[in-house]
Each structure stands twice: as C-alpha cells, then as structure tokens.
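Data block below; observations after.
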Amino acid sequence: MVITYHQLNPIQYVNLERRLRVRVMDRILLILEIFEKRAGSKEAKLQIELTRLRLEIPRVREFIRLAKIGEQIGFYGGGEYAIEAYYRYMMRRIAHIRRELNAIRKRREMLVIRRRDYGLPQVALTGYTSAGKTTLFNRLARESKYVDGKPFATLDTYSRLVNFNGLNAILTDTIGFIDDLPPLLIESFYATIAEVLNADLVLFMMDVSDDYQEFSRKFMSSIKIFNDLGISKTKILPVLNKVDLTDGIDISDKIGLVEGEFGNYVLISAKTGWESMI
Ligand SMILES: Nc1nc2c(ncn2[C@@H]2O[C@H](COP(=O)(O)OP(=O)(O)OP(=O)(O)O)[C@@H](O)[C@H]2O)c(=O)[nH]1
Ligand SMILES: [Mg+2]
C-alpha cells in the first residue's frame, strides 16, 4: 500500500494505482480508516460511510468517464454499466444516510434544548487528540469511557451531569483535533462539536509534557479550529494536562505561550487528580 500526505484527486488515484499496482490511499482515507476502527455509535458509523461515499463520487465519475472512452479500468472492473449502477446506488445511499443523520441530530438538539431549560451550565472538553480529555471526563463523571494513547480514541460526543464542588453542570467529551483537518471531515465530524458551540465554558486541554515545538504546533492548530468554529476566546479555559510527566521547570515557556494568548490557565494531571489553580 502507498499512503500520501496530500489529498489525491481522482485522476491521480487512477494513475498511481495503475502504475504502482498496489492500493493507494491519501491522508484523508487513512484518517477515515482509523475512524472506522473506532466508531461505536450509529451516528459515527453513518458519518464515516457518508464521508467515504462523498470522497468516492469524483473517483467513480472519473472511472465512468474512462469507461466511456473505452479505457481499461482497474480495480472497479465490471465495465461501464456496473459502475453506473454503483453510482446510482451511492446517490441513493447518500440521500438515505443524510435523512438518518438529520433525525439523529434533531433528537440531540432537543436534548440540548431540554438541558438548557433545566438551566444547567454546559461545559465542553476539547483539545488535540490524546490530550487527555476522556481521562478527565472519566475522573469528573466517575465514568469509564474508552481511553487510549492512539489518536481518535473518542469519536462520539457524550455528556454527563457532574458536580463541581457543589455546582451542577453538564460535562461533554468530544472528538479530538488534529493538524490540517480535511474540510470534508470537519464538516461531517465536527457537526458533533455543535455541542461545543452551545457550551458556557470550553475546556481546552493541552498535553504539557509534549516538547515545546509540538506543544506550540498543536496549540496553534487548536486555536485555528476554535476560530473556524467561531468560539469566542472569553469562553475558553486552557487546561494544561499531564503535569505528572514533567519536572515543572521546562514548562514555563509553554505556560508563557498559553498565558500570552488566553491570560489564564489551569495546570492538572487528569491521571493522578493533581490540580493547581493559578
Ligand atoms: N501521565 C499521564 N497520562 C495521561 C494523563 N491524562 C491522560 N493521559 C494518557 O494520555 C492518553 C490519551 O488520553 P485520552 O483521555 O484518551 O485522550 P483524549 O484527549 O480523550 O484523546 P482522543 O479521544 O483521541 O481525542 C492515554 O494513554 C491516557 O492514559 C495525565 O494526566 N498524565
Ligand atoms: Mg477521548
């Protein structure tokens, strides 16, 4: 298999697969495969299938074009009619998935509205993948959701009622961020992040044990995502996690970066439960 960092267009796919005679995949398809392995809920599964189909449309169109001009077509095989039948199936399936997803989202929106009616503050956990969001969620909500060192352990958005020193609030765990997230994935997956937009407080988790370069790279791409989502800075509280993995000295430059941008932050270890309010 060959994996490319940049997104491939349909012609590039066809040409590369013909030349190399192995499966060719770009970064987006790779991320989708990871998503597929981890998707638990019906919504996540449908979102992945929809994204896959949408990525495939231009490819299949290219195959149809090639078949029409009598070209030998590789992996899809089956000739022009089979491909056209497949294309029509894709279109029907896309329409069906869209309807199902809309119904699921409507139900969730109702839930958000109902929670709002109860007047409970909404707190959302966000941040780069593997920052420790679910670890903190589990600690605060006394839950045991899936935690992993690999990217995208969490694909679904789930919420719990949590008591913060006497104050009740709804805490929501979300999908993690990554660099250069392809627009198609933002569109399909970050719809689940709509909940974040409703939050009164957005906890922005960062792994403070990353080296400075990696820390600042993840910090900057997260800020870009917040901007793209239109989340106001005043709602965001940076949470510097995994302080148990640092010696407390080499983190001052990272703290400086965060303070420069947000003015405040919290230093914690979601794993050990240690926290320090500054
Ligand atoms: N040492 C240490 N490890 C931590 C801490 N918090 C989380 N981890 C580890 O970091 C890894 C990622 O944690 P998760 O809670 O799955 O991270 P996440 O942000 O939910 O990741 P995604 O769901 O992929 O976005 C796991 O191996 C955790 O055990 C911490 O405070 N200290
Ligand atoms: Mg998680």
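Available extension along the chain between ARG160 and ARG98 is 19.6 nm, counting 0.36 nm per residue and deducting the alpha carbon span. Measuring nothing but how far apart in sequence close Cα pairs (under 8 Å, 6+ apart) lie, relative to its length, the chain scores a relative contact order of 15 percent. Fully extending the segment from ARG107 to GLU275 would add 56.9 nm, taking 0.36 nm per residue of separation and subtracting the current Cα-Cα distance. Carbon-plus-sulfur accessible fraction, the chain (probe radius 1.4 Å, protein heavy atoms only): 54%.
Counted over all Cα-Cα pairs of segment 1-110, pairs farther apart than 17 Å make up 61 percent. For a quick check, take a GNM of the chain with Cα springs below 10 Å and name the residue from LEU167, LEU267, LEU30 with the largest mean-square fluctuation. Among LEU167, LEU267, LEU30, the largest mean-square fluctuation in the Gaussian network model of the chain belongs to LEU167. Near the amide H of LEU267, within less than 5 Å, lie the amide hydrogens of LEU240, SER276, ILE278, all on another chain or at least 5 residues away, with H placed in the peptide plane.
Extension gain, ARG19 to ASP250, is 78.2 nm, computed as 0.36 nm per intervening residue step minus the present C-alpha separation. The C-alpha atoms of the chain define a longest principal axis, and helix 212-229 lies at about 70 degrees to it.
For segment 75-137, applying the loop criterion from DSSP together with a ceiling of 13 other beta carbons within 10 Å to the trypsin sites (Lys or Arg not before Pro) yields no site.
Per residue, what accessible area does the chain have, given a 1.4 Å probe and all protein chains present, in Å²? List each step's numbers first, then the result.
Working: 14640 Å² over 278 residues.
Spelled out: the 1.4 Å probe surface of the chain, per residue, equals 53 Å².
Counting only the Cα atoms, the chain fills a convex hull of 138 Å³ per residue. Taking all protein chains as they are arranged and a probe of 1.4 Å, the heavy atoms of LEU101 leave approximately 10 Å² accessible to solvent.
Annotation note: trypsin sites (Lys or Arg not before Pro) in segment 1-81 located in DSSP loop regions with a Cβ neighbour count of at most 12 within 10 Å are ARG21, ARG23. Computed from backbone phi with θ = phi - 60° and the Karplus coefficients 6.51, -1.76 and 1.60, the 3J(HN,Hα) list for segment 46-59 is 5, 4, 5, 4, 4, 4, 4, 4, 5, 6, 7, 3, x, 5 Hz; x is used for glycine and proline. Taking amide H as placed 1.01 Å from N in the peptide plane, the amide H of THR174 sits under 5 Å from that of LEU125, each at least 5 places away or on another chain. Ranking LEU237, VAL162, TRP274 by how far each Cα lies toward the positive end of the dipole of segment 120-277 (charges on Cβ) leaves VAL162 at the top.
Between the Cα long axis of helix 79-117 and the first principal axis of the chain there is an angle of about 20°, rounded to the nearest 10.
Charged neighbours of GLY132, selected by a Cβ distance under 10 Å, balance to +3 (K, R count +1; D, E count -1).
The values are calculated or read from the model by the stated rules, or taken from the named source; none is laboratory data. All of these numbers come straight from a predicted model, not from anything done at the bench. Methodologically, a virtual Cβ is constructed for each residue, glycine included, from the backbone with ideal geometry; neighbour enumeration extends over all protein chains shown. Just the protein is used for accessible areas: all its heavy atoms, side chains included, with ligands, DNA and RNA removed. Shrake-Rupley method; radii C 1.70, N 1.55, O 1.52, S 1.80 Å.
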